Amino acid sequence: MNKLQAMKSFVRVVEAGSFSAVAEESDATQSAISKQIAALERELGAKLLTRSTRSLALTEEGARYFERARRLVAEVAEAESAVRAGEQELTGWLRVAASVGFGRLKLMPLVQSFLEQHRGVRIDLRLNDGFVDLVEQGMDVAVRLGELQDSGLVARRVGTSSRWLVAHRNYLRRLPKGSRAPRKPDDLARHNCIVYTELPWRNAWTLTAGPGAPEPVGSTRVVRVRGNLQTNSSEVIRAAVLAGMGIGFAPTWLFETELASGDVQQLLPDWEAAAIPIHLVSPRERGQSAKVKAFAEHVAKTMRPPTSGDRADNPAVDT
């Protein structure tokens with residue numbers, strides 16, 4: 001048995017969802033592809049796929065094997081392509097993870113422009129607001145918003161994200177008689193605030209006095225807010241603010257269009273929030289991949305000019 005070829009066939013069957021599609025693209029019979037995977041299962045001593053007349057499904061062992069096999073097959077293809085071309089021509093899959101809101105609003109345009117420049121690359125973009133184990137999920141690179149701690153991951157800082165207090169004009173219009181828009185940080189405690197649970201401060205919102213604030217510049221206030229909605233999804237934060245449900249403490253990119261039109265308004269503009277750093281992180285074995293490096297460079301150049309602090313070998317943690 002050619003084990004590498006069997007692994008390639010297994011990966012493609014899972015990706016394509018059928019034996020017949022893989023047989024057609026590889027100019028082989030469906031029976032030959034099936035025999036390759038059966039031989040691979042005997043070699044491993046484990047069932048990888050369950051098959052019926054209409055569908056395929058990975059077993060638990062198959063799902064674990066698939067992520068690692070897919071990564072190995074991609075690395076082999078990349079190495080072969082580089083040798084054949086005499087240079088590192090980018091080909092194959094690049095698996096990217098990001099939060100839902102950032103991925104949809106900010107990362108997708110960068111993915112599109114990257115694919116236009118590198119016609120041989122295919123991107124598998126996974127959007128999830130929860131924790132994603134990059135190694136377990138077989139991801140090559142992920143966007144992380146927030147401070148990072150030391151770990152075995154490789155990180156590159158590619159930008160920052162400003163945060164504002166925001167509310168839809170309908171929320172402000174519908175305030176009960178005698179209530180008003182916040183004029184100082186303490187006023188937030190009397191408003192319905194939408195809490196994002198994926199950041200460590202949750203409902204403890206920290207604001208710093210800017211030049212126009214009535215308090216000394218640089219002084220800080222921590223306000224404990226409350227409301228009838230909390231969520232781990234930036235998309236829910238966006239939807240709730242646009243529905244006029246309350247005040248959000250959110251990155252400006254989440255409401256760029258609505259802030260420009262005036263539908264969403266910035267509150268307490270004389271009080272500032274610490275910007276959130278944006279990093280690209282990769283498992284250490286993937287951080288040196290030509291595709292990962294090229295993608296990181298593309299994102300960094302597009303989001304902001306590079307600085308001396310933007311290193312590709314900083315340790316980080318998947319947070």
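Laid out as a table, the results:
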| read-out | value |
| --- | --- |
| Whichever residue in the stretch 131-188 is over 30 Å from Arg226 (Cα atoms) and of a type in the set (D, E, K, R) and, among such residues, is modelled with the lowest pLDDT | Asp150 |
| Any hit, the stretch 213-220, residues being hydrophobic (A, V, I, L, M, F, W, C) and farther than 18 Å from Leu254 by Cα | yes |
| Some residue of the stretch 155-174 being β-branched (Val, Ile, Thr), under 30 Å from Gly62 (Cα atoms), in a strand (DSSP E or B) and touching a residue at least 24 places away in the same chain (Cβ under 8 Å) | no |
| One residue from Val241, Val217, Val225 being over 18 Å from Ala181 (Cβ atoms) and either of a type in the set (A, V, I, L, M) or modelled with pLDDT under 95 (or both) | Val217 |
| In the stretch 13-27, residue nearest to the chain's Cα centre (by Cα) [restricted to those that are within 16 Å of Ala63 (Cβ to Cβ) and not in a loop (DSSP other than H, G, I, E, B)] | Glu15 |
| Residue that is farthest from the chain's Cα centre (by Cα) [pool: residues in the stretch 198-249 that are aromatic (Phe, Trp, Tyr) and buried (at least 16 other Cβ atoms within 10 Å of the Cβ)] | Trp205 |
| Residues located in the stretch 126-150, provided they are surrounded by fewer than 20 Cβ atoms within 10 Å (Cβ to Cβ) and at positive phi | Gly146 |
| Some residue of the stretch 154-171 being surrounded by 18 or more Cβ atoms within 10 Å (Cβ to Cβ), in contact with a Ser or Thr (Cβ under 6 Å, 6 or more places away or on another chain) and over 26 Å from Leu267 (Cα atoms) | yes |
| Residue check, Ala57 modelled with pLDDT under 75, of a type in the set (A, V, I, L, M, F, W, C) and within 29 Å of Leu134 (Cα to Cα) | no |
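The values are calculated or read from the model by the stated rules, or taken from the named source; none is laboratory data. Values in this document were obtained by computation on a predicted structure and should not be read as measured data. Here Cβ is always computed from backbone atoms with ideal geometry, including for glycine, and neighbour counts include all displayed protein chains.
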